[in-house]
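The values are calculated or read from the model by the stated rules, or taken from the named source; none is laboratory data. What you see is a predicted model, and the numbers here were worked out from it, not measured in a lab. For neighbour counting, all protein chains shown are included, and Cβ atoms are generated from backbone atoms with ideal geometry for every residue, glycine included. We work out accessible area using only protein heavy atoms, side chains counted, and drop any ligands, DNA or RNA first. Shrake-Rupley method; radii C 1.70, N 1.55, O 1.52, S 1.80 Å.
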Amino acid sequence: MNFIEETLVAAIEEIIKKEFGIEKESGLVMLEIPNKTENGDYATNIAMRLTKRVGKAPRDVASVIVEGLSDHEMISSIVVAGPGFINFFIKPDVMAGVIPIIRNLDRNYGSSDFGEGRKILLEYVSANPTGQLHVGHARGAAWGDSLLRILNFAGYKADGEFYVNDLGNQITMLSHSLFARYQQALGVDAKMPEDGYHAQDIKDIALDVIEQEGDVWLDKDQSLWEPYFKELGIKFELDRIKRDLVTFNVRIDNYVSEKSLYDEGRVEKSLNELKDRGFTYEADGALWLRTTDFKDDKDRVMIKSDGSYTYLVPDIGYHLYKLERGYDELIDLLGGDHHGYIARMEAALEALGYKDVFDVDIIQMVRLIEDGVEVVMSKRTGNAVGLIELVDDIGVDATRYFFVSRALQTPLDFDMTLARSKANDNPVFYAQYAHARICSILRTVGSVDEVKNLDALVHPKEIELLKHLNEFPSVVADAAKSRQVHKVANYIHNLSSLFHSFYGAVKVIDTENADETAQRVLLLDATRITLRNALDLIGVSAPEKM
């Protein structure tokens with residue numbers, strides 16, 4: 001809540017305690033902003049919520065509350081509407097009190113200690129290091145990085161992590177693909193593996209090896225060339241992923257290798273601890289984990305009858321390692337095919353003594369749409385459209401904005417034609433143009449002295465804008481708590497719309513009224529700061545000129 005809402009709620013709570021003997025309860029008094037300004041600046045249904053508890057009709061309860069607030073210094077008037085809604089009209093200078101707060105806090109406006117320093121580890125992207133990032137990874141990257149920014153801005157201590165799957169069959173196929181291309185480039189009639197990787201970068205790596213080392217690997221045994229080409233391929237692909245993420249303005253604090261978990265004994269440690277705790281059993285030649293003890297729909301195999309581990313085993317070791325580093329909560333962003341993963345990992349962690357510390361947000365699919373037609377393949381490579389290809393075409397700002405503009409759990413149709421457009425129906429252009437227009441006005445006016453009072457901002461468009469500026473800290477805290485990044489994107493669009501509407505209705509610079517002009521310029525500066533801060537939370541720039 002903002003300072004106005006906090007003050008109102010506290011005042012209502014005090015009256016309820018005094019008149020009805022009801023102590024303060026979290027969530028009992030709730031405020032909302034009416035859709036129509038003429039219905040008040042804020043409203044509450046507390047009278048209807050209390051009627052059964054106090055044995056009075058809602059309007060009678062409302063009358064008691066209104067009487068108790070009749071001389072409140074923030075309120076210009078109060079109206080009881082309908083069955084008992086209480087509508088508050090706030091004094092203009094109180095509503096405008098957010099302006100100096102915003103300007104004083106500047107880049108910190110919207111931040112809070114809501115998260116109370118709770119340590120969160122957010123894992124996102126975690127693409128196999130076998131090829132370039134594509135648009136499916138891009139949505140998780142944009143969302144994950146934005147969520148990380150929002151969490152930290154809201155007072156959490158959050159880190160971003162990328163899990164490098166550098167073991168398994170896909171890495172073996174990477175090395176065999178590289179060796180086949182290496183052989184072919186040296187004139188050997190070598191066949192690509194059936195499940196190999198055919199992208200151009202595989203050929204490029206092979207040519208680099210030849211340039212650096214010649215044909216020294218042709219006669220080497222597989223036990224030598226396979227690990228060499230594995231390491232080479234992983235490094236090349238992971239370095240490219242890192243570069244692409246930097247280009248996409250995405251922060252990753254830690255890269256954790258699956259192989260390192262085995263090398264450091266973390267996989268065996270977690271497996272042995274589950275055995276010691278009595279949550280495993282043998283059946284049909286396999287080792288099972290009793291996940292049904294923790295509400296999973298069936299027990300899960302950990303070690304198959306051939307002695308090999310299922311993917312669950314290293315994943316348990318990895319998540320235990322996360323918790324051992326002191327994080328209070330783990331959040332994974334995973335693809336739509338991972339629904340079944342959630343219950344088994346929750347069960348495994350609870351078996352290890354960690355309950356209610358693990359959450360998964362599922363990333364639904366993305367469809368690229370151009371001129372009304374779905375784009376399936378890259379024009380450049382003939383494969384899935386790559387992240388960098390999309391960024392080169394659309395730009396980082398538009399790409400990131402569009403990826404976080406809809407709830408993560410909702411399939412996204414990414415309209416490439418709209419994202420490229422320089423028109424108001426493109427939401428990122430609309431928001432950036434609002435910021436640039438404000439900056440242009442401020443440059444025209446130059447420096448403005450502070451004013452003693454902010455009592456001239458009484459136009460309905462000014463009031464709407466002020467209320468929305470007041471809401472920003474609450475929106476950030478709510479987006480962090482719910483992990484719904486698109487709420488910030490929605491806020492940006494609404495703020496931009498309110499600014500454009502205000503600018504069309506109100507004469508900002510009035511040479512015959514210097515005080516009113518000064519107050520409106522300060523309002524614009526507060527809007528600029530808030531819009532810039534909101535855009536930054538989703539990794540989108542706020543240009544001063546367009």
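Looking at region 147-170, can you tell me whether even one residue there is hydroxyl-bearing (Ser, Thr, Tyr) and modelled with pLDDT under 95?
Checked against the condition, which is being hydroxyl-bearing (Ser, Thr, Tyr) and modelled with pLDDT under 95, region 147-170 yields no hits at all.
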Region 142-159, residues that are in contact with a Phe, Trp or Tyr (Cβ under 6 Å, 6 or more places away or on another chain) and either surrounded by fewer than 24 Cβ atoms within 10 Å (Cβ to Cβ) or among the aliphatic types (A, V, I, L, M) (or both): 142, 154, 155
Given the criterion touching a Pro at 6+ places or on another chain (Cβ under 9 Å) and under 21 Å from residue 484 (Cα atoms), identify the matching residue among 360, 366. 366
Restricting to region 59-91, name every residue that is among the β-branched types (Val, Ile, Thr) and surrounded by fewer than 16 Cβ atoms within 10 Å (Cβ to Cβ). 79
Given the conditions (1) over 14 Å from residue 533 (Cα atoms); (2) open to solvent by 40 Å² or more (accessible area, probe 1.4 Å); (3) at pLDDT 95 or above, every one holds for residue 106 apart from (1)
Test of understanding: among 267, 360, 256, 366, which residue is in contact (Cβ under 8 Å) with a residue 40 or more places away in the chain, open to solvent by 20 Å² or more (accessible area, probe 1.4 Å) and on the phi < 0 side of the Ramachandran plot? 366
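Considering only residues that are in contact with a strand residue (DSSP E or B) (Cβ under 6 Å, 6 or more places away or on another chain) and in contact (Cβ under 8 Å) with a residue 60 or more places away in the chain, which ones fall in region 137-160? First the steps, then the outcome.
Taking region 137-160 first, the residues in contact with a strand residue (DSSP E or B) (Cβ under 6 Å, 6 or more places away or on another chain) are 139-140, 144, 148, 151-152, 156-160.
Matches in region 137-160: 139, 140, 144, 148, 151, 156, 159, 160.
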Members of region 220-232 found to be surrounded by 13 or more Cβ atoms within 10 Å (Cβ to Cβ) and within 15 Å of residue 183 (Cβ to Cβ), listed by number: 225, 226, 228, 229, 232
Outside any loop (DSSP other than H, G, I, E, B) and in contact with a helix residue (DSSP H, G or I) (Cβ under 9 Å, 6 or more places away or on another chain), is that true of residue 183? yes
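Can you find even one residue in region 90-98 that is of a type in the set (D, E, K, R), out of contact with any strand residue (DSSP E or B) (no Cβ under 7 Å at 6 or more places or on another chain) and modelled with pLDDT under 95? Reasoning before the result, please.
Quick first cut of region 90-98, residues of a type in the set (D, E, K, R) only: 91, 93.
In the following step, the residues that additionally are out of contact with any strand residue (DSSP E or B) (no Cβ under 7 Å at 6 or more places or on another chain) were identified as 93.
Narrowing further to those that are modelled with pLDDT under 95: 93.
Scanning region 90-98 turns up at least one residue that is of a type in the set (D, E, K, R), out of contact with any strand residue (DSSP E or B) (no Cβ under 7 Å at 6 or more places or on another chain) and modelled with pLDDT under 95.
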Expected output for region 380-409 (first residue within 18 Å of residue 485 (Cβ to Cβ), partner of a type in the set (Lys, Arg) and surrounded by 19 or more Cβ atoms within 10 Å (Cβ to Cβ), Cβ below 8 Å, 6+ apart or cross-chain) is 403/139; 408/139
Which numbered condition residue 76 misses (of (1) more than 30 Å from residue 145 (Cβ to Cβ); (2) under 35 Å from the mean Cα position of the chain (by Cα)): (2)
Expected single match for modelled with pLDDT under 95 and more than 42 Å from the chain's Cα centre (by Cα) among 204, 195, 219 is 219
Got a number for residues in region 317-332 being in contact with a Lys or Arg (Cβ under 6 Å, 6 or more places away or on another chain), over 17 Å from residue 263 (Cβ atoms) and assigned to a helix (DSSP H, G or I)? 0
Test each condition in (1) open to solvent by 30 Å² or more (accessible area, probe 1.4 Å); (2) at pLDDT 95 or above; (3) within 30 Å of the chain's Cα centre (by Cα); (4) more than 26 Å from residue 480 (Cβ to Cβ) for residue 132 and report the one that comes out false. (2)
Could you list, in sequence order, all residues of region 164-180 that are in a loop (DSSP other than H, G, I, E, B) and surrounded by fewer than 16 Cβ atoms within 10 Å (Cβ to Cβ)? 168
Among the residues that make up region 326-338, is at least one of them exposed (fewer than 13 other Cβ atoms within 10 Å of the Cβ) and over 23 Å from the mean Cα position of the chain (by Cα)? no
Which ones in region 190-219 are open to solvent by 80 Å² or more (accessible area, probe 1.4 Å), more than 14 Å from residue 180 (Cβ to Cβ) and assigned to a loop (DSSP other than H, G, I, E, B)? 215, 219
Which one is surrounded by the fewest Cβ atoms within 10 Å (Cβ to Cβ) among residues in region 1-50 that are among the hydrophobic types (A, V, I, L, M, F, W, C) and assigned to a loop (DSSP other than H, G, I, E, B)? 30
Quick check on my filter: what residues within region 276-296 are in contact (Cβ under 8 Å) with a residue 12 or more places away in the chain and open to solvent by 80 Å² or more (accessible area, probe 1.4 Å)? 277, 284, 290, 293, 295
